[in-house]
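Reading through the structure tokens given below for one structure.
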Amino acid sequence: MEEIKYIMVTNFEYHWDKLNFKGNQSTKFTIPLIKDGIARGKWPDEATTLFIKYTQDNMFEKCWIGKTKNFRQEQNNSKPAIRFDVTELKEIDCPEEYKQYPIGWHLNKCNYSPPTNIGH
């Protein structure tokens, strides 16, 4: 499998779960939540992404691996945002070093390769 390019972290209830199970494959981040210069564009056609979900108390809850693609700019309540599609979500065991990432969309700077225990 490909190297993880992005790490996306939210604490929205059922956020990644909803994308995986309800057929809604599109979501977005507002610009303040997009880190490491990603918001400036030049997005890949498709990127392997680690998706992390925290509880409302910001405690680690679950992790998935999947693909992000079709990146595009849009507005979210008059604030600039980047919308993208999410596909191929599979729940995985999250490596410890990613369980403390702050909420937002980050570049993976650890050259992490996904584990082989995909598909809970």
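The values are calculated or read from the model by the stated rules, or taken from the named source; none is laboratory data. Bear in mind the structure is a predicted one, so any value in this text is a computation, not a measurement. Ideal geometry is used to build each Cβ from the backbone, glycine not excepted, and the neighbour counts take in all protein chains shown.
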Quiz prompt | Scan of region 76-112 for residues that are of a type in the set (Gly, Ala, Ser) and within 21 Å of Lys18 (Cα to Cα), ordered by number | solution = Ala81, Gly104
Quiz item: Given the structure, is Tyr112 part of a loop (DSSP other than H, G, I, E, B), among the hydroxyl-bearing types (Ser, Thr, Tyr), at pLDDT 90 or above and surrounded by 14 or more Cβ atoms within 10 Å (Cβ to Cβ)?
Solution: no
Quiz item: If Lys53 satisfies every condition in (1) buried (at least 17 other Cβ atoms within 10 Å of the Cβ); (2) over 19 Å from Ile92 (Cα atoms) but one, which is the exception?
Solution: (2)
Exercise. Return the residue satisfying two criteria in turn: it lies in region 5-25 and is at pLDDT 90 or above and within 14 Å of Gly66 (Cα to Cα), and of such residues it is surrounded by the fewest Cβ atoms within 10 Å (Cβ to Cβ).
Key: Lys5
Exercise. Find all pairs meeting these conditions: Cβ atoms under 8 angstrom apart; at least six residues apart or on different chains; first residue within region 28-51 and at positive phi and of a type outside the set (Lys, Arg); second residue modelled with pLDDT of 90 or more and buried (at least 19 other Cβ atoms within 10 Å of the Cβ).
Key: Asp36/His106
